[in-house]
Amino acid sequence: MNKFESRYAQSPKEVKQMDTASLRENFLIENVFEANQVNLTLSHFDRYIVGGAMPVNGKLVLPNPDDLKATYFLERRELGMINVGGKAIVTADGDIFELEYKEALYIGKGTKEVTFESADAAQPTKLYLNSAPAHHTYPTKKVSKADAEIVELGTPETANHRVINKLLVNSVLPTCQLQMGMTELKSGSVWNTMPAHTHDRRMEAYFYFEVPQGQSVCHFMGQPQETRHIWMQNDQAVISPNWSIHSGAGTSNYTFIWGMAGENLDYGDMDHCAITELK
């Protein structure tokens, strides 16, 4: 059985009043993956969908939740995915794509049938999914780390030495508004996206993985002058409104996938926040 959840958008005024339980209920996605299921969460921020497909025994079909009011899931949407498990076999309208660990796939608007399958049931795949509304059809395309635009940022001295893999971004392949990539923190570094920023033209979602057993990540959100935090575990995702910072610090190094959608495809379109000005 697949799962679908719809979440309303909130303003900074509402979030300012939230306690820990309310923050987690509105922004944290705890169960991204469940065996033999496709789990989807729709955020009313830019109508972005975050989900996970974990086929173990046989194929899973990309569902078409009633809330989308569509003939099929990708009738007016585009879909991106990054494999964070065993080798995956993804079929999009008869075209077959094999995805190794940390490889990505973009599927364009108008694709009617998408299925997910593990190459080996003993090592099931875990496909992290992001979807945004689309106005144009672009070709379905696989993107490996070798195809990515790679940027190295930070330093060991500031504990934010990291490699950014821009996978499904406009400088690598055309998309309507969906962008996805993966940031890998070096050993000894724990801070991501620090100095922090906001981008009012886009919302974002983070998915944390490769968090060692017994370790956690503290994700920071909120307006720069009114921040909040959410403690997160391995294989969990969090929704970041367009007015919110999105940063984190782990008790170990880790990897995270960022995905975003909005009116601007310029990756550098952001409003920086000085570290000393955060409150």
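The values are calculated or read from the model by the stated rules, or taken from the named source; none is laboratory data. Quantities reported herein were computed from a predicted structural model and do not represent experimental measurements. No Cβ is skipped: glycine too gets one built from the backbone with ideal geometry, and neighbour counts run over all protein chains shown. Heavy atoms of the whole protein, side chains included, go into the accessibility calculation; ligands, DNA and RNA do not. Shrake-Rupley method; radii C 1.70, N 1.55, O 1.52, S 1.80 Å.
Can you work out which of the residues in the range 83-113 that are farther than 22 Å from Pro124 by Cβ and touching a Phe, Trp or Tyr at 6+ places or on another chain (Cβ under 7 Å) is least open to solvent (accessible area, probe 1.4 Å)? The extreme case among them is Gly108. For the range 190-234, the set of residues classified as among the hydroxyl-bearing types (Ser, Thr, Tyr), closer than 18 Å to Pro12 by Cβ and without any contact (Cβ under 8 Å) to a residue 60 or more places away in the chain consists of Thr227 only.
Determine whether the range 31-41 contains at least one residue that is in a loop (DSSP other than H, G, I, E, B), in contact with a Ser or Thr (Cβ under 9 Å, 6 or more places away or on another chain) and open to solvent by less than 30 Å² (accessible area, probe 1.4 Å). For the range 31-41, residues in a loop (DSSP other than H, G, I, E, B), in contact with a Ser or Thr (Cβ under 9 Å, 6 or more places away or on another chain) and open to solvent by less than 30 Å² (accessible area, probe 1.4 Å): present. Checking Gly80, Gly58 one by one, the residue that is open to solvent by less than 20 Å² (accessible area, probe 1.4 Å) and either assigned to a loop (DSSP other than H, G, I, E, B) or closer than 18 Å to Tyr206 by Cβ (or both) is Gly80 and no other.
Note on the range 62-72: among residues that are open to solvent by less than 40 Å² (accessible area, probe 1.4 Å) and without any contact (Cβ under 8 Å) to a residue 40 or more places away in the chain, the one that is nearest to Ala237 (Cα to Cα) is Leu68.
Among the residues of the range 6-30, those that are surrounded by fewer than 16 Cβ atoms within 10 Å (Cβ to Cβ) and either β-branched (Val, Ile, Thr) or in a loop (DSSP other than H, G, I, E, B) (or both) comprise Tyr8, Ala9, Ser11, Gln17, Asp19, Thr20, Glu30. For His161, the requirement of being open to solvent by 70 Å² or more (accessible area, probe 1.4 Å) and touching a residue at least 24 places away in the same chain (Cβ under 8 Å) is not met. Whenever a residue of the range 165-189 is of a type outside the set (A, V, I, L, M, F, W, C), its partners that are open to solvent by less than 30 Å² (accessible area, probe 1.4 Å) and in a loop (DSSP other than H, G, I, E, B), lying with C-beta atoms within less than 6 angstrom and at least six residues away or across chains, give the pairs Asn165/Ala148; Lys166/Ala148; Gln179/Val169; Ser189/Ala159; Ser189/Asn160. Taken over the range 251-260, the criterion of being touching a Pro at 6+ places or on another chain (Cβ under 9 Å) and closer than 20 Å to Thr227 by Cα is satisfied by Thr251 alone. Once the range 210-232 is narrowed to residues that are in contact with a Ser or Thr (Cβ under 6 Å, 6 or more places away or on another chain) and of a type outside the set (Asp, Glu), the residue that is farthest from Val84 (Cα to Cα) is Gly222. Has the range 212-232 got at least one residue that is open to solvent by less than 30 Å² (accessible area, probe 1.4 Å) and in contact with an Asp or Glu (Cβ under 6 Å, 6 or more places away or on another chain)? No, the conditions are met nowhere in the range 212-232. Kindly evaluate Thr137 against the criterion of being open to solvent by 70 Å² or more (accessible area, probe 1.4 Å) and under 30 Å from Thr227 (Cα atoms). Spelling it out, it is not the case that Thr137 is open to solvent by 70 Å² or more (accessible area, probe 1.4 Å) and under 30 Å from Thr227 (Cα atoms).
The strands (runs of 3 or more DSSP E) falling completely within the range 235-279 that include 3 or more residues that are small (Gly, Ala, Ser) and within 16 Å of the chain's Cα centre (by Cα) map to 255-262. Taking the numbered list (1) open to solvent by less than 30 Å² (accessible area, probe 1.4 Å); (2) at pLDDT 95 or above in turn, Asp269 passes all entries but (2). Scanning the range 164-195 for residues that are open to solvent by less than 30 Å² (accessible area, probe 1.4 Å) and small (Gly, Ala, Ser) gives Gly181, Ser189. Among residues of the range 43-61 that are more than 22 Å from Ile257 (Cα to Cα), those with a Cβ under 6 angstrom from a residue that is in a strand (DSSP E or B) and open to solvent by less than 40 Å² (accessible area, probe 1.4 Å), sequence gap 6+ or separate chain, pair up as Lys59/Thr115; Leu60/Val38; Leu60/Ala53; Leu60/Phe116; Val61/Thr115.
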